[in-house]
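Only one structure is covered here, and it is reproduced in the block below.
Since every read-out is calculated from the coordinates, none of them should be taken as a lab result. Because the structure is predicted, anything quoted here is derived from the model rather than measured. Methodologically, a virtual Cβ is constructed for each residue, glycine included, from the backbone with ideal geometry; neighbour enumeration extends over all protein chains shown.
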Amino acid sequence: MPSLSITDRLNAGAPLLMDGGTGSELHRRGANVLVDTTAETGQQAWSATANIEFADVVQQVHQDYMRVGAEVIISNNFWTIPYRLATIGLEDRWEDYARAAMRNAVKARDAQNPDAYVAAGIAPPGAGNDAPDVRSLGDEYRKQYADHAKLCAEEGADVILPEYVGYIADCIAAVDACAEAGLPVWLGVRHINAEDASMQYRESLADLGAALNGHPVDAVLLMCSNPQAITTGLKVLIPAFDGVVGAYPNLGYAPLAQLYEPTMLSNQLPADGSDFIQLGEYSPSRTAEFVKDWLDMGARIVGGCCASGPEHIMAMRAVM
Amino acid sequence: MARASITDRLAAGEKFLMDGGTGSEVQRRGADVLVGATAETELLAWSATANIDYADVVQQVHQDYLRCGADVLISNNFWTTRGRLDMIGLGDRWEEYAEAAAHNAIAARDAMNEDAYVAGGMAPPIPKGRDSRGKSDCEVLGRDVYHDAYREHADLLAKAGVDILLPEYIGHLEDCVAAVDACQDFDLPVWLGVRHTNDDGSMQYGESLHDLADGLKGRRIDAILIMCTRPDPTDAALAKLREAFDGVAGAYPNVGYNPMAPVRGRQRSGPDIISPTADPPSMVAEYAAKWADEDVRIVGGCCASGPEHILAMRPAVKGS
């Protein structure tokens, strides 16, 4: 266990380096993250099952990130939630997968760097299409988040990170529910639009910052968005939010790429072909340049999301 | 250990998937492969020391390749030689590093897939003098010195229990023959890895693969593999090799690695250890499919290729 609470560590001033993608890195190392998944099904539970079936690989990925300097690792919970595990018939076992994800992260932390922090990363239930999930799922949305956060707190999380959230209403509901676990809460906001810095569904980050006022959230991080989108988003978010701001970009991950038959579904093939890692211009050195800009703008927590690997975190560390 | 003879299986027409890069992948995961290296030095002993200092990471990389379907692992020996380790003051401990490398590969194989094979990969034993440009190592060092250094490495690896001897990363024809000669007395298959072939399919210093095949006549040489060459020139060399050599042909291309980037900064291929222009898995997989059609029977990856490349090549080489 770290000697300093994560909030004290943040208040101490120096920016915090997080890890990079875990699910994409597991995918790369041959763990099956496509259980019962076809081109027609969509992504199902993704890497949730790997927490038990490939626990050793999950722990290795966590350890590799700490080896290259990450001070915060995000547990591989994400979709260890009833809503997602139901897609592959494992809804009743969500607690097993959720606990396994936490234990993998805590065990890796204890083995590699006892002063590192474990953020329990939890994605939302719901399909997030036309309306906020909290509107369609109601109390079930809050309950799934609160139960998950409490479980992660029991397993030793240092901070709860509801992440990959799209609508403002969902962000508010998620942080309120997660705070019931009694730990600091950070919020990860997904899919920022690069052209106008808006949130996924065209809501404004300034409105998000204002709406979060008075809610129990210590940090807001823009995530699962490309680096350009994060740069534009931070410009709006930083003046609007009265707390710590951070970012962990997605560098180009197409988890289902290998399932598509190019001849059958060419309209669905990822833009850059059949590779599930599609870094394009986001080499580690280029990504580190973005990170340097974000730190200069005032971001205090940085790392990587899907498709980033230890080499990206290593490069970010060099500019911190 | 009831593994079938890989030589018999090759004779029966089977194809084998090798692993990808090990030194580049352990570097990507934060293992120090630049012990003693600075912007002014050359690569020194590279990942040789990682076999002891980061044994867990080396074993994890081996296991990841097996998980992705590799049938053959190359042990991370390469420069675990007296000559190379002498450059960082560890020459007297070369046997410990060499044994650790063999052990890491064998332990990973035994843990993950007992049917897989371990090839003992050995780079030329002694660094060339700075004034040796264009001359063979045998000319510079004396053929006996070169041969005997290879022989002591091969002897150690044979005793450690590798399944195949693989002198690799050799440029000159004369050096290839001397290295193969040094591997004759161990009752193990001998594979040869020829480096840096040119766009016209000639060897690094303009010699022909025809002359190489002639030069090797009368010796045990089970397979010749084109390696540490980008996929395009590898393809050109394979065309020449198949005309010239009636044994098994193989290939494991380098897809774009810049190991000194962390200490030298921006090099020809940029500041990233894995070059941004590295060939993606889908591109390497297309070559693997072409080569498999042309009866190239051993295919894998060299520096900068990772488990994702081996995953992508697997259907072409193994059918699933």
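Listed values, structure above:
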item	result
In nm, spacing of pseudo-spin labels at B:GLU294 and A:ALA111 (7 Å Cα→C-beta vector)	4.3
Near-label residues of region A:224-258 by backbone N, under 15 Å of a point 7 Å along Cα→Cβ of A:ALA210	A:236-242
Amide hydrogen neighbours beyond the local backbone of A:LEU221, cut-off 5 Å, H modeled	A:LEU187, A:GLY188, A:VAL189, A:GLY246
Under 17 Å from the Cα of A:LYS107 - aspartates and glutamates, other chains or at least 8 residues apart	A:ASP19, A:GLU53, A:ASP56, A:ASP64, A:GLU71, A:ASP96, A:ASP115, A:GLU154, A:GLU155, A:ASP158, B:ASP56
Peptide B:271-283, shielding by other chains (average Cβ, 10 Å cutoff)	5
Protection-proxy order for peptides A:33-41, B:293-301, B:143-151, each taking the mean of Cβ atoms within 10 Å per residue, highest first	B:293-301, B:143-151, A:33-41
Per-residue average of Cβ from other chains inside 10 Å of A:309-316	4
Region B:45-170 pair-distance distribution - Cα-Cα, 10 Å bins, rounded %	14, 44, 29, 11, 1
Under-5 Å amide H pairs with B:PHE78, H placed in peptide plane, nonlocal only	B:GLY121, B:MET122, B:ALA123
For residues of A:103-116, the mean tally of beta carbons on other chains within 10 Å	0
Length gained when the stretch A:ASP139-A:ASP242 is fully extended (0.36 nm per residue, less Cα-Cα span)	34.3 nm
Residue-averaged 222 nm ellipticity for chain B, from DSSP H runs of 4+ at -39500 (n - 2.57), nearest 500	-12500 deg cm²/dmol
Ordering of A:290-299, A:216-225 by burial proxy (mean other Cβ atoms within 10 Å per residue, highest first)	A:216-225, A:290-299
